[in-house]
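Asker: Below is the structure I would like to discuss, written out as structure tokens.
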Protein chains: 2
Amino acid sequence: MFPKFRGILSPVVTPFKDDLSPDPKRFVEHCQWLVSQNAGLAVFGTNSEANSLSVSERRFLLEALLLAGVSPEKMMPGTGCCSLTDTVELTRHAVAAGCAGVLMLPPFYYKAISDDGLFRFYSEVIQRTGSGNLRIYLYHIPPVAQISITAGLIERLLKEYPGTIAGIKDSSGDWNNTEMLLKNFQPSGFDVFCGSDVFLLQTLRGGGAGCITATGNVNPAMIHELYRNWQAPDADARQARVTAIRRTFEMIPLIASMKAVIGWKRNHPQWANVRPPLLKAPREQFEQLCVKLNEIGFQMNL
Amino acid sequence: MFPKFRGILSPVVTPFKDDLSPDPKRFVEHCQWLVSQNAGLAVFGTNSEANSLSVSERRFLLEALLLAGVSPEKMMPGTGCCSLTDTVELTRHAVAAGCAGVLMLPPFYYKAISDDGLFRFYSEVIQRTGSGNLRIYLYHIPPVAQISITAGLIERLLKEYPGTIAGIKDSSGDWNNTEMLLKNFQPSGFDVFCGSDVFLLQTLRGGGAGCITATGNVNPAMIHELYRNWQAPDADARQARVTAIRRTFEMIPLIASMKAVIGWKRNHPQWANVRPPLLKAPREQFEQLCVKLNEIGFQMNL
């Protein structure tokens with residue numbers, strides 16, 4: 001097995017052609033660039049519009065990366081779906097591909113689900129995948145999934161599947177929760193990743209493993225340098241610059257803003273396409289974003 | 001095309017074997033019984049655990065019904081998924097099968113989605129399905145999907161796709177919303193179904209088309225009789241009896257309670273199986289439910 005992830009991963013945005021089919025060529029190009037910038041590939045996350053893709057589209061895009069020679073050591077594909085059977089299919093596919101880990105949403109259709117129900121779901125997935133090479137990162141994103149990965153659930157899963165439950169992405173946006181995870185679970189080797197680069201320095205100071213962050217799609221080098229230099233005297237100033245860029249991208253809903261900016265920087269407007277129910281960045285707002293990014297000296301190092 | 005739906009539809013519960021694979025034989029048997037009780041088949045709804053099934057499992061179960069000779073005139077399969085491509089695949093399949101309508105959830109992963117985004121989603125599905133035989137019933141279930149079908153969205157869809165947008169299932173649980181829909185849209189032939197038999201009499205008095213209701217799985221004959229006799233002098237008393245049975249089933253989460261009772265009545269305990277993240281009814285609670293159902297004289301007329 002590959003070493004466990006450390007540092008920065010990008011929930012890779014998914015390029016669509018004008019007919020809204022996934023564009024494997026630009027997807028591979030973007031992933032290769034991310035790897036060159038020291039970012040891991042959390043393909044098929046929230047920012048990837050993964051739940052707007054079919055299972056076969058996800059498999060196809062992962063195969064495209066493998067065919068292009070991208071190492072599965074860098075890959076943490078999202079495989080958690082509402083359906084047990086879909087989740088098992090994608091997880092088995094990722095394990096067979098040799099991916100170093102998977103990022104697993106809880107099933108998110110039914111609300112007010114008990115820890116017992118979530119435990120049963122994760123248990124079934126692990127048992128049906130049936131591989132000692134499976135490494136699961138739990139995906140806690142209550143603002144979107146509306147289902148929480150609680151400390152109690154983590155304890156039960158770690159006890160039952162210690163070699164398989166590898167860590168968590170905390171996208172709660174609540175630092176108190178990340179801190180609790182760092183204190184309770186990181187010491188035993190359960191790796192805590194914050195879900196936004198805004199919390200990266202705090203997470204590393206708390207002993208965490210890194211971050212899996214949207215703006216890793218557009219600003220990976222600067223975030224990686226913060227990760228490398230977190231004990232340097234200028235770490236706080238680095239964090240402030242990273243945060244400023246994040247906040248600028250947030251002028252527009254993040255998926256639309258990042259895709260529009262990638263399209264701008266790569267001179268390929270199709271990159272701005274998103275699948276419904278999401279919408280492209282409106283022209284005027286996008287122009288304001290570009291002005292602001294130029295003002296703060298943002299560069300993508302393509 | 002078949003006549004539009006009126007009356008009672010059941011969001012058909014999906015039987016699973018002990019390995020949690022769908023059981024087509026018992027599914028067909030249950031659907032045939034429902035049709036014999038004058039209930040339409042809203043297969044693949046919330047109570048069907050449809051989002052816990054893969055696309056291919058849903059197609060397989062629909063094919064099983066067709067093979068068994070169940071008429072597509074009775075079928076309103078749920079086809080709305082988070083993914084545009086999955087939604088189009090299931091909708092095309094339903095139309096090709098000749099189903100009299102489809103019940104369509106909005107995409108429910110991303111939250112705080114605008115009406116523009118939802119309009120774009122439904123538009124893409126309609127255009128890609130590309131059939132004059134498509135009849136869509138919008139599925140408004142904000143407590144679960146966390147995404148609302150607003151009056152503004154309905155207006156825009158009706159204006160753009162008047163022959164295709166056929167009605168709505170209102171599972172908001174909010175009578176004020178159902179009343180608004182009945183007043184604003186029913187007069188122009190947009191059929192309003194309440195999402196619970198508790199509101200059936202009110203809905204019919206307001207000019208609505210009927211109800212698509214969980215307990216249609218276990219109590220279809222009595223609900224149908226209320227529908228047939230809604231102008232009779234004893235209509236309120238009938239509604240009270242229907243509601244009492246509903247409330248009894250709600251002693252346990254509804255999917256688990258209905259499946260356990262079907263298993264009891266059919267003497268086939270596998271019927272109680274549910275897919276995670278849901279959980280079976282606990283034994284003790286189930287026994288209390290049975291006692292209570294016996295007390296109020298509940299019968300399934302199998």
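The values are calculated or read from the model by the stated rules, or taken from the named source; none is laboratory data. Computed from a prediction, not measured in an experiment: that's the story for all the values here. Neighbour counts run over all protein chains shown; Cβ positions are idealised from the backbone, glycine included.
Asker: On the basis of being of a type in the set (A, V, I, L, M), more than 22 Å from B:A256 (Cβ to Cβ) and surrounded by fewer than 18 Cβ atoms within 10 Å (Cβ to Cβ), does B:L67 make the cut?
Answerer: Here the answer is yes, as B:L67 does meet what is asked.
Asker: Right, here's the next one. Answer yes if at least one residue in region B:247-261 is within 27 Å of A:C82 (Cα to Cα) and of a type in the set (D, E, K, R), and no otherwise.
Answerer: Yes, there is a match, as at least one residue in region B:247-261 is within 27 Å of A:C82 (Cα to Cα) and of a type in the set (D, E, K, R).
Asker: Please go through region A:183-198 and give me each residue that is over 16 Å from A:S10 (Cβ atoms) and either in contact (Cβ under 8 Å) with a residue 40 or more places away in the chain or touching a Ser or Thr at 6+ places or on another chain (Cβ under 7 Å) (or both), ordered by number.
Answerer: Within region A:183-198, A:D191, A:V192 meet the criteria.
Asker: Out of the residues in region B:98-122 that are part of a helix (DSSP H, G or I) and not aliphatic (A, V, I, L, M), state the one that is surrounded by the fewest Cβ atoms within 10 Å (Cβ to Cβ).
Answerer: Here the answer is B:D116.
Asker: Given the residues B:F249, B:F185, B:F199, B:F193, which is the only one that is touching a Gly at 6+ places or on another chain (Cβ under 8 Å) and crowded, with 16+ Cβ neighbours inside 10 Å?
Answerer: Being touching a Gly at 6+ places or on another chain (Cβ under 8 Å) and crowded, with 16+ Cβ neighbours inside 10 Å holds for just one of B:F249, B:F185, B:F199, B:F193, which is B:F193.
Asker: Among the residues of region B:79-92 satisfying the criterion of being within 11 Å of another protein chain (Cβ to nearest Cβ) and among the polar types (S, T, N, Q), which is nearest to B:D170 (Cα to Cα)?
Answerer: Ranking the qualifying residues of region B:79-92, first place goes to B:T87.
Asker: Oh, and also: Tell me, which residue of region A:126-144 that is under 20 Å from the mean Cα position of the chain (by Cα) and among the hydrophobic types (A, V, I, L, M, F, W, C) is surrounded by the fewest Cβ atoms within 10 Å (Cβ to Cβ)?
Answerer: A:V144
Asker: Would you confirm whether or not region B:166-186 contains a residue that is closer than 23 Å to B:F2 by Cα, away from every other protein chain (no Cβ under 14 Å) and at pLDDT below 95?
Answerer: no
Asker: Using beta carbons and a limit of 7 Å, which pairs, at least six apart or on different chains, have the first residue in region B:221-241 and of a type in the set (G, A, S) and the second one at pLDDT below 95?
Answerer: Pairs that qualify, where the first residue is of a type in the set (G, A, S) and the partner is at pLDDT below 95, are B:A221/B:N301.
Asker: Right, here's the next one. For region A:52-89, enumerate the residues that are of a type outside the set (D, E, K, R), free of Cβ contacts under 8 Å to residues at least 40 places away in the same chain and not in a loop (DSSP other than H, G, I, E, B).
Answerer: A:V55, A:S56, A:F60, A:L62, A:L65, A:L66, A:L67, A:M75, A:T85, A:T87
Asker: Has region B:233-243 got at least one residue that is closer than 30 Å to B:P24 by Cβ and at pLDDT 95 or above?
Answerer: Among the residues of region B:233-243, not one is closer than 30 Å to B:P24 by Cβ and at pLDDT 95 or above, which makes the answer no.
Asker: Scanning for something polar (S, T, N, Q) and crowded, with 24+ Cβ neighbours inside 10 Å, does region A:73-80 turn up at least one residue?
Answerer: Scanning region A:73-80, I find at least one residue that is polar (S, T, N, Q) and crowded, with 24+ Cβ neighbours inside 10 Å, so the answer is yes.
Asker: Sort out which residues of region B:1-33 are under 18 Å from the mean Cα position of the chain (by Cα), in a loop (DSSP other than H, G, I, E, B) and among the hydrophobic types (A, V, I, L, M, F, W, C), and write them in order of number.
Answerer: If the condition is that a residue be under 18 Å from the mean Cα position of the chain (by Cα), in a loop (DSSP other than H, G, I, E, B) and among the hydrophobic types (A, V, I, L, M, F, W, C), then B:F5, B:V12, B:V13 are the ones that fit.
Asker: Could you run through region B:278-302 and say how many residues are away from chain A (no Cβ under 14 Å) and of a type in the set (K, R)?
Answerer: 2
Asker: While we're on this one: Inspect all residues belonging to region A:152-162 and state whether any of them is within 12 Å of chain B (Cβ to nearest Cβ), under 30 Å from B:S48 (Cβ atoms) and of a type in the set (A, V, I, L, M).
Answerer: Yes; the residues of region A:152-162 include at least one that is within 12 Å of chain B (Cβ to nearest Cβ), under 30 Å from B:S48 (Cβ atoms) and of a type in the set (A, V, I, L, M).
Asker: Can you tell me which residue in region A:103-122 is farthest from A:K74 (Cα to Cα), limited to those that are more than 8 Å from every other protein chain (Cβ to nearest Cβ) and out of contact with any strand residue (DSSP E or B) (no Cβ under 6 Å at 6 or more places or on another chain)?
Answerer: Among them, the one singled out is A:A112.
Asker: Filter region A:254-277 for residues that are within 12 Å of another protein chain (Cβ to nearest Cβ) and closer than 21 Å to A:N219 by Cβ; which is surrounded by the most Cβ atoms within 10 Å (Cβ to Cβ)?
Answerer: Checked region A:254-277; the qualifying residue surrounded by the most Cβ atoms within 10 Å (Cβ to Cβ) is A:I255.
Asker: Based on what the data block shows, is B:V95 within 8 Å of another protein chain (Cβ to nearest Cβ) and either under 26 Å from B:C211 (Cβ atoms) or in a helix (DSSP H, G or I) (or both)?
Answerer: no
Asker: A further question follows. Looking at A:N38 and the list (1) within 14 Å of chain B (Cβ to nearest Cβ); (2) surrounded by fewer than 24 Cβ atoms within 10 Å (Cβ to Cβ); (3) under 17 Å from A:F193 (Cβ atoms); (4) of a type in the set (S, T, N, Q), which single condition is not satisfied?
Answerer: The one condition A:N38 does not meet is (1).
Asker: Here is a list of conditions, (1) touching a strand residue (DSSP E or B) at 6+ places or on another chain (Cβ under 7 Å); (2) surrounded by 17 or more Cβ atoms within 10 Å (Cβ to Cβ); (3) more than 14 Å from chain B (Cβ to nearest Cβ), and A:R6 meets all of them except one; can you say which number that is?
Answerer: The one condition A:R6 does not meet is (2).
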